[in-house]
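The values are calculated or read from the model by the stated rules, or taken from the named source; none is laboratory data. Here the structure is a predicted model, which means the values were calculated and not measured. Here the Cβ positions follow ideal geometry from the backbone for every residue, glycine too, while neighbour counts run over all protein chains shown.
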Amino acid sequence: MQAWHFSETAYPYLPPQDSYPSIRVSLPNKHYDPRKGAELWDRYLKEWQIAEEEGMDIMLNEHHQTATCVDPAAPLVLAALARLTTKARLLILGNPIANRRQPIRVAEEMAMVDVLSRGRVEAGFVRGVPYEISPANSNPVRMNERFLEALDLIVKAWTNHDGPFSHEGRFFHHRNINIWPRQWQDPHPPVWVSTTSSGGARQVGERGFIQATFLTGYQATRRVFDAYREGWRAAGRGKYVANDRLAYAALVYVGETEAEAHAGAEKLLWYVTANKVAPQYANPPGYVPVEANVHMLRGAEHPLSAFAKAANVEAAIRAGLMFAGTPDQVFNQIKRHYEYVGGYGHLLNMGQAGFLEHEESVKGIRMFAREVYPRLKEMFPKTAISGQYGDVPPEPPEESVLKSSSRGIDLTRDGPLATALGAGS
Amino acid sequence: MKRSEITIAGCPIEVHEAGEGAPLLFLHPGGGFKADDAYLGLIVKGRRLICPSHPGFGGSGLSDWMDSVDDIAHIYLELMDRLGIAKTDLIGCSIGGWIAAEMATKTPERFGKITFVAPVGIKTGPADQLDIPDIFVMPPAEVPKIMFHDPSKFVSDFSKMPDEALATMVRNRESLALFVWEPYMHNPKLKHRLQRITNPVLFLRGASDGLVSANYLAAYSALVGGSRIETIPEAGHAPQLEQPQAFADAVNAFLAA
């Protein structure tokens with residue numbers, strides 16, 4: 001198991017949540033103080049450096065027009081990290097290439113950082129969440145088709161070393177593709193794709209790229225990973241899929257005591273609770289298939305949206321969205337999840353969010369890296385074969401669940417989180 | 001109405017037809033075509049009314065290569081050939097008006113009288129202001145308010161609609177997005193081509209239309225020589241639905257003149 005420290009690099013100092021309709025797309029940037037923002041960036045970069053010191057690898061991502069992730073140009077931060085670190089792998093997950101007009105530029109950026117970091121780039125690609133459509137003015141229809149054409153073109157641009165070639169595709173046109181520099185890694189950086197749908201995962205499996213899924217809990221993760229393995233086999237890549245092809249992202253916080261873990265874990269829930277998105281940004285036409293929209297018109301709700309309405313640490317742990325507690329508890333939560341979904345080689349630790357302060361974040365990183373990570377590496381080597389289900393229920397062992405009674409400080413009443421969410425007003 | 005299907009460039013196009021007489025081609029708005037709408041019976045008298053569903057709408061297919069209103073215009077010019085219609089009068093509502101304008105700029109001689117009902121398709125205002133409000137980033141509850149004079153008469157109860165009708169509604173909206181997303185609701189070239197239309201042209205607009213403004217329609221009309229504008233009271237963006245009789249009266253008077 002390989003673990004990656006991930007922060008969405010949020011700007012949490014916002015007015016009460018009920019004073020704005022959406023934290024995404026339309027929240028005016030007058031609420032962003034660049035001085036406070038610069039201080040945040042100092043500490044977020046520092047936390048990644050500390051994660052590297054602790055033997056973890058690094059993951060970052062990109063969003064636009066939002067306070068939840070103030071990194072609209074992730075390759076820039078990736079370049080900074082290339083020079084601030086020396087040994088950690090640098091995962092960008094990812095480049096929203098269905099919203100990029102020029103995939104070749106993305107191939108160039110990744111190659112550039114791969115050289116700057118002497119071959120430490122892990123190049124991730126995402127279709128992009130629905131609220132990225134408006135900032136990019138991108139057509140929400142046929143995103144998957146654009147995504148796949150762009151991805152194949154990027155890989156081709158990386159692997160061509162004999163002068164210009166042309167691409168006249170459905171969505172992209174280039175007559176002279178010949179990127180400089182060429183990337184350090186040969187044939188190219190590992191390619192990651194994130195998707196939370198079975199159809200998407202199958203396509204990733206067919207291509208053999210690394211598949212990441214975010215906050216999909218027990219059942220949905222198993223479905224996504226199953227689909228990946230199906231695609232892998234259907235494309236003739238072999239009977240077995242190694243663990244290192246699959247990644248799971250969860251909220252992770254490890255404390256010395258249950259109370260300390262609970263306090264940190266509760267702050268991590270900001271990821272879910274702060275994501276107030278106006279409906280018109282959350283579901284642009286064509287983003288999800290027609291049948292899915294019919295279900296929604298009939299009242300079906302996305303599991304994460306339903307969860308966000310009554311988010312709490314215990315429920316998040318039971319659902320497999322969060323691994324939090326003492327080292328033993330967290331190890332057992334991850335072990336159960338791993339066994340239920342059939343195994344994965346990468347854990348993407350969403351280990352910092354919202355008002356989780358620097359010291360608390362560092363404490364969580366160190367506790368995980370020192371007390372949990374070595375056991376995960378030993379028990380789940382990356383050479384293990386995925387798809388071997390344990391005969392286990394889709395929930396963590398009862399004694400490993402961090403209960404609400406183990407809560408340290410009651411942040412729902414008068415803490416900074418409650419203030420930010422407008423809960424006190 | 002009689003329904004048939006004609007495959008053009010690999011794409012099945014659904015066509016509803018009624019009546020006999022001189023042809024009248026009707027191009028539906030973004031909400032799609034409904035054969036039981038009242039206005040259809042009021043304009044059909046003595047005419048052969050031909051109502052195709054645009055690619056991606058209703059029962060029509062959608063080919064991978066299609067992504068512009070211009071594509072639809074080409075499909076419909078071929079549809080006229082296939083139906084043996086050398087020349088026809090033309091009515092287009094909203095995006096249907098845009099398609100009609102694209103068709104008429106290509107082959108004006110194949111059209112008689114043209115009625116544009118709250119058409120979109122051109123950009124005449126400043127760069128920092130949308131000519132047509134962005135219906136895709138408006139809170140969903142706001143959209144009916146700009147669409148209708150009296151939105152209370154057009155409330156859909158999804159729980160009472162069959163899955164098939166819901167799926168068509170969702171797909172129509174998806175296809176609308178595909179065709180109008182960027183540039184938003186217009187083809188930058190179209191306004192430079194409208195001069196080709198010297199046919200008799202009527203522009204119709206509901207007085208309460210919050211999508212196609214009076215100024216927008218005036219600018220559109222100014223680009224089509226000899227055209228005139230009529231306004232239908234107590235109607236929004238779809239006067240054919242909100243005031244079917246007044247709509248039919250205006251159309252019939254224009255066609256009879």
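Just a few scattered comments:
- Candidates A:ALA150, A:ALA136, A:ALA123, A:ALA107: the one that is farther than 30 Å from A:ALA88 by Cα and among the hydrophobic types (A, V, I, L, M, F, W, C) is A:ALA136.
- The range A:55-76 - residue that is hydrophobic (A, V, I, L, M, F, W, C) and in contact (Cβ under 8 Å) with a residue 40 or more places away in the chain and, of those, surrounded by the most Cβ atoms within 10 Å (Cβ to Cβ): A:MET59
- Restricting the range A:137-151 to residues that are under 10 Å from A:PRO96 (Cβ atoms) and either surrounded by fewer than 24 Cβ atoms within 10 Å (Cβ to Cβ) or of a type in the set (Ser, Thr, Tyr) (or both), the residue that is farthest from the other protein chains (Cβ to nearest Cβ) is A:MET143.
- Checking A:ARG24 against (1) buried (at least 16 other Cβ atoms within 10 Å of the Cβ); (2) within 29 Å of A:ILE334 (Cα to Cα); (3) among the basic types (Lys, Arg), the condition it does not meet: (2)
- Restricting the search to helices (runs of 4 or more DSSP H) fully inside the range A:257-340 and requiring at least 1 residues that are within 14 Å of another protein chain (Cβ to nearest Cβ) gives A:279-282, A:290-297.
- Hey, A:TYR248 modelled with pLDDT under 95 and outside any helix (DSSP H, G or I) or not: no
- Of all the residues in the range A:379-402, those that are polar (S, T, N, Q) and surrounded by 12 or more Cβ atoms within 10 Å (Cβ to Cβ) number 2.
- Of B:VAL143, B:VAL117, all but one fail to be in contact with a Leu (Cβ under 8 Å, 6 or more places away or on another chain) and closer than 21 Å to B:GLU242 by Cβ; the exception is B:VAL117.
- Considering the conditions (1) closer than 22 Å to A:TYR287 by Cβ; (2) surrounded by fewer than 22 Cβ atoms within 10 Å (Cβ to Cβ); (3) more than 11 Å from chain B (Cβ to nearest Cβ); (4) without any contact (Cβ under 8 Å) to a residue 60 or more places away in the chain, A:ASN160 is excluded by exactly one of them, (1).
Every residue, every condition in (1) within 16 Å of A:PHE6 (Cα to Cα); (2) touching a helix residue (DSSP H, G or I) at 6+ places or on another chain (Cβ under 6 Å); (3) of a type in the set (Ser, Thr, Tyr), yes or no:
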residue: A:GLU54; (1), (2), (3): yes, yes, no
residue: A:HIS63; (1), (2), (3): yes, no, no
residue: A:ALA74; (1), (2), (3): yes, no, no
residue: A:ALA98; (1), (2), (3): no, yes, no
residue: A:ALA107; (1), (2), (3): no, yes, no
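- Residue in the range A:123-136 that is more than 14 Å from every other protein chain (Cβ to nearest Cβ), buried (at least 22 other Cβ atoms within 10 Å of the Cβ) and assigned to a loop (DSSP other than H, G, I, E, B) present: yes
- Residues of the range B:114-129 that are surrounded by 13 or more Cβ atoms within 10 Å (Cβ to Cβ) and either of a type in the set (A, V, I, L, M, F, W, C) or in a strand (DSSP E or B) (or both): B:ILE114, B:THR115, B:PHE116, B:VAL117, B:ALA118, B:VAL120, B:GLY121, B:ILE122.
- In the set (1) among the hydrophobic types (A, V, I, L, M, F, W, C); (2) in contact with a helix residue (DSSP H, G or I) (Cβ under 8 Å, 6 or more places away or on another chain); (3) surrounded by fewer than 23 Cβ atoms within 10 Å (Cβ to Cβ); (4) farther than 20 Å from B:ASN199 by Cα, the condition left unmet by B:PHE111 is number (4).
- A single entry from B:LEU40, B:LEU27 fulfils the requirement of being surrounded by 15 or more Cβ atoms within 10 Å (Cβ to Cβ), touching a residue at least 40 places away in the same chain (Cβ under 8 Å) and at negative phi: B:LEU27.
- Taken over the range A:341-362, residues that are in a loop (DSSP other than H, G, I, E, B) and more than 21 Å from A:VAL392 (Cα to Cα) amount to 5.
- Qualifying residue in the range B:136-147 (condition: surrounded by 14 or more Cβ atoms within 10 Å (Cβ to Cβ), out of contact with any Pro (no Cβ under 7 Å at 6 or more places or on another chain), more than 14 Å from chain A (Cβ to nearest Cβ) and closer than 20 Å to B:ALA219 by Cα): no
- Some residue of the range B:24-35 being in a loop (DSSP other than H, G, I, E, B), of a type outside the set (Asp, Glu) and at pLDDT below 95: no
- Checked against (1) without any contact (Cβ under 8 Å) to a residue 40 or more places away in the chain; (2) within 24 Å of B:GLY41 (Cβ to Cβ), B:PRO244 meets all criteria but (1).
- Extreme residue, surrounded by the most Cβ atoms within 10 Å (Cβ to Cβ), among residues of the range B:10-24 that are under 18 Å from B:PHE179 (Cα atoms) and touching a residue at least 60 places away in the same chain (Cβ under 8 Å): B:ILE13
- Elements of type helices (runs of 4 or more DSSP H) in the range B:143-229, at least 2 residues being modelled with pLDDT of 95 or more and over 28 Å from B:ASP67 (Cβ atoms): B:214-222
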